[in-house]
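Engineer: Have a look at the structure that comes next, please.
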Amino acid sequence: MHYTGACLCGAVSYAATGEPTMQYNCHCRDCQRMSGAGYLPIMGFPQAAVAITGDVHWYLRTADSGRPASEGFCPTCGARLFGQGEGVPGLMLVMVGTLDDPALFRPDANIYTRSAPVWDAMDGAVPAYEGDPPADF
Ligand SMILES: [Zn+2]
Ligand SMILES: [Zn+2]
């Protein structure tokens, strides 16, 4: 159980068992706005594999795809830790920057690169997709 993490103030923490089923850098506008950064590194685990401690507030929104999604954040410090949505059924997305050891992240792909600003330098060794990765990725 080495995928553990917490928000800025520590009121919300989590532990994920097993390995992530997806690891992306998402460059979409929603992730830019939610993170305040050029892109957002995210990991996805089966929902049942993530144990959350503390109260999480969920912000409900409509994703670019038109499907409902929700963003989980700490009501005390405002740090965003989690995401869920119909676009990623059954998955709990974890924001990599909240991990106790963010170096565990191994990005499989850069996605939504069409929204990346020109100053957003990417690792050319990581596959890049203008939108969603292909279904068989
Ligand atoms: Zn907090
Ligand atoms: Zn995104």
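The values are calculated or read from the model by the stated rules, or taken from the named source; none is laboratory data. As the structure is a prediction and not an experimental result, all values here were calculated from the model. A quick note on method: Cβ atoms are made from the backbone with ideal geometry, for glycine too, and the neighbour counts reach across all protein chains shown. In case anyone asks, the SASA skips ligands and DNA or RNA and just uses the protein heavy atoms, side chains included. Shrake-Rupley method; radii C 1.70, N 1.55, O 1.52, S 1.80 Å.
Engineer: Just name the residue that is farthest from F137 (Cα to Cα) out of those in segment 97-113 that are aliphatic (A, V, I, L, M) and surrounded by 11 or more Cβ atoms within 10 Å (Cβ to Cβ). Lay out the reasoning, then the answer.
Structural biologist: Pass one, segment 97-113, residues aliphatic (A, V, I, L, M): 99, 103-104, 109, 111.
The next check asks that each one be surrounded by 11 or more Cβ atoms within 10 Å (Cβ to Cβ); those that pass are 99, 104, 109, 111.
Details: L99: 25, L104: 21, A109: 9, I111: 12 Å.
Restricting to residues being aliphatic (A, V, I, L, M) and surrounded by 11 or more Cβ atoms within 10 Å (Cβ to Cβ), the top hit is L99.
Engineer: Could I ask something else about it? Given the conditions (1) touching a helix residue (DSSP H, G or I) at 6+ places or on another chain (Cβ under 8 Å); (2) within 16 Å of I111 (Cβ to Cβ); (3) of a type in the set (D, E), report the number of the one that E71 does not fulfil.
Structural biologist: (2)
Engineer: Let me ask another. Identify, from the list G83, G72, the residue that is in contact with a Ser or Thr (Cβ under 9 Å, 6 or more places away or on another chain) and open to solvent by less than 60 Å² (accessible area, probe 1.4 Å).
Structural biologist: On the way: G72 fails: in contact with a Ser or Thr (Cβ under 9 Å, 6 or more places away or on another chain).
Within the list G83, G72, the selection yields G83.
Engineer: Only one of (1) under 10 Å from the mean Cα position of the chain (by Cα); (2) of a type in the set (D, E, K, R); (3) assigned to a helix (DSSP H, G or I) is not met by E71, so which one is it?
Structural biologist: The failed condition is (3).
Engineer: Something else about it: Say whether the condition of being in contact with a Ser or Thr (Cβ under 6 Å, 6 or more places away or on another chain), open to solvent by 30 Å² or more (accessible area, probe 1.4 Å) and within 16 Å of ligand 2 (Cβ to nearest atom) is met by at least one residue in segment 114-130.
Structural biologist: Step one: list which residues in segment 114-130 are in contact with a Ser or Thr (Cβ under 6 Å, 6 or more places away or on another chain), which gives 128, 130.
Filter once more, so that each one left must be open to solvent by 30 Å² or more (accessible area, probe 1.4 Å): 128, 130.
Next cut, within 16 Å of ligand 2 (Cβ to nearest atom) only: 128, 130.
Yes: segment 114-130 contains one or more residues that are in contact with a Ser or Thr (Cβ under 6 Å, 6 or more places away or on another chain), open to solvent by 30 Å² or more (accessible area, probe 1.4 Å) and within 16 Å of ligand 2 (Cβ to nearest atom).
Engineer: Can we say M1 is modelled with pLDDT under 95 and within 16 Å of ligand 1 (Cβ to nearest atom)?
Structural biologist: Details: modelled with pLDDT under 95: yes; within 16 Å of ligand 1 (Cβ to nearest atom): no.
So M1 fails the test.
Engineer: Does L60 count as loosely packed, with under 14 Cβ neighbours inside 10 Å and either away from ligand 1 (no atom under 16 Å from the Cβ) or not in a strand (DSSP E or B) (or both)?
Structural biologist: Working: loosely packed, with under 14 Cβ neighbours inside 10 Å: yes; either away from ligand 1 (no atom under 16 Å from the Cβ) or not in a strand (DSSP E or B) (or both): yes.
It is true that L60 is loosely packed, with under 14 Cβ neighbours inside 10 Å and either away from ligand 1 (no atom under 16 Å from the Cβ) or not in a strand (DSSP E or B) (or both).
Table: residues versus (1) more than 15 Å from ligand 2 (Cβ to nearest atom); (2) at pLDDT 95 or above; (3) within 22 Å of P102 (Cβ to Cβ); (4) of a type in the set (K, R).
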position	(1), (2), (3), (4)
S35	no, no, yes, no
P46	yes, yes, yes, no
T53	yes, yes, yes, no
Y59	no, yes, no, no
G66	no, no, no, no
E71	no, yes, yes, no
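Engineer: So is L104 within 13 Å of the chain's Cα centre (by Cα), within 27 Å of T17 (Cβ to Cβ) and either in contact (Cβ under 8 Å) with a residue 40 or more places away in the chain or away from ligand 2 (no atom under 14 Å from the Cβ) (or both) or not?
Structural biologist: Details: within 13 Å of the chain's Cα centre (by Cα): no; within 27 Å of T17 (Cβ to Cβ): yes; either in contact (Cβ under 8 Å) with a residue 40 or more places away in the chain or away from ligand 2 (no atom under 14 Å from the Cβ) (or both): yes.
Taking the combined requirement at face value, the residue does not satisfy it.
Engineer: Of (1) away from ligand 2 (no atom under 16 Å from the Cβ); (2) surrounded by 16 or more Cβ atoms within 10 Å (Cβ to Cβ); (3) under 15 Å from the mean Cα position of the chain (by Cα); (4) not in a strand (DSSP E or B), A11 satisfies all except one. Which?
Structural biologist: Of (1) away from ligand 2 (no atom under 16 Å from the Cβ); (2) surrounded by 16 or more Cβ atoms within 10 Å (Cβ to Cβ); (3) under 15 Å from the mean Cα position of the chain (by Cα); (4) not in a strand (DSSP E or B), only one is false for A11: (3).
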